[in-house]
1. Of the trypsin sites (Lys or Arg not before Pro) in the stretch 119-171, which ones lie in a loop per DSSP and count no more than 10 other C-beta atoms within 10 Å?
2. Between 0 and 90 degrees, rounded to the nearest ten: what's the tilt of helix 18-96 against the longest Cα principal axis of the chain?
3. Just the number please: accessible area per residue for the chain, 1.4 Å probe, all protein chains included, in Å².
4. Which of the peptides 94-102, 71-79 is most tightly packed, and how do the rest follow, going by the mean number of other Cβ atoms within 10 Å of each residue?
5. Based on C-alpha coordinates, I'd like the Rg and Dmax of the chain, in Å.
6. Calculate how steeply helix 103-122 sits against the longest principal axis of the alpha-carbon atoms of the chain, using the helix alpha-carbon long axis, and give the answer as 0 to 90 degrees to the nearest 10.
7. Contact order normalised by length for the chain, with contacts defined as Cα pairs under 8 Å and 6 or more residues apart; what percent is it?
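The values are calculated or read from the model by the stated rules, or taken from the named source; none is laboratory data. Note that this is a predicted model, so its numbers are computed, not measured. Virtual Cβ from ideal backbone geometry, glycine too; neighbours counted across all protein chains shown. Areas reflect the complete protein model, heavy atoms only, side chains present, ligands, DNA and RNA absent. Shrake-Rupley method; radii C 1.70, N 1.55, O 1.52, S 1.80 Å.
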Amino acid sequence: MTDSRDSSDDWASGTAGGGAGAEMEAELMRLREALEAKAREADATHDRYVRTAAEFDNARKRAVREREELIRGANESLIRELLPVLDNFERALQAARGDAGAAAVTAGVELIQRELLRVLEKFGVTAFTSVGMPFDPERHEAVARVPAAGRPEMTVVDETARGYLLNGRVL
């Protein structure tokens with residue numbers, strides 16, 4: 001009788017001749033090692049991909065942050081130039097308030113001053129008052145130290161220029 005089994009069955013079961021079984025085991029071992037090597041290579045490639053994607057995301061975030069800082073810096077420079085103008089409006093108003101003939105001009109200057117303050121507030125600028133507050137070297141710049149009756153020591157008694165904050169930072 002003839003054996004009707006397919007030779008591929010011998011390969012899968014390892015029942016072919018004695019030498020062939022050892023060859024199949026060796027081939028199987030080689031294929032397993034190749035599979036493990038490819039799996040390690042795939043893991044390394046995936047790790048490089050994840051790291052590259054993270055680096056790209058960090059670079060994108062850094063570019064956005066740098067652009068915002070550049071805009072903020074440009075805004076700060078412009079605002080620093082505008083603040084003396086705002087202070088001059090205040091000085092002009094103080095001088096004109098005593099003159100009854102300048103009431104219309106005073107009202108117009110007050111309107112301009114309020115509008116300028118409103119625009120600056122849209123960009124994060126807020127004014128703060130110092131008179132009557134304890135001296136804070138982070139916020140105040142001392143011009144002179146004068147005794148004031150009825151006030152605690154190290155209290156601001158007068159201000160030569162109003163203080164401003166830009167997004168919480170002193171200008």
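1. ARG145
2. Value to nearest ten degrees: 10.
3. Details: 13330 Å² over 171 residues.
Here the per-residue accessible area is 78 Å².
4. Working: 94-102: 10.9, 71-79: 12.9.
Output ranking for 94-102, 71-79: 71-79, 94-102.
5. Rg and Dmax of the chain, Cα atoms, are 40.2, 133 Å.
6. 20 degrees
7. The normalised contact order for the chain reaches 16 percent.
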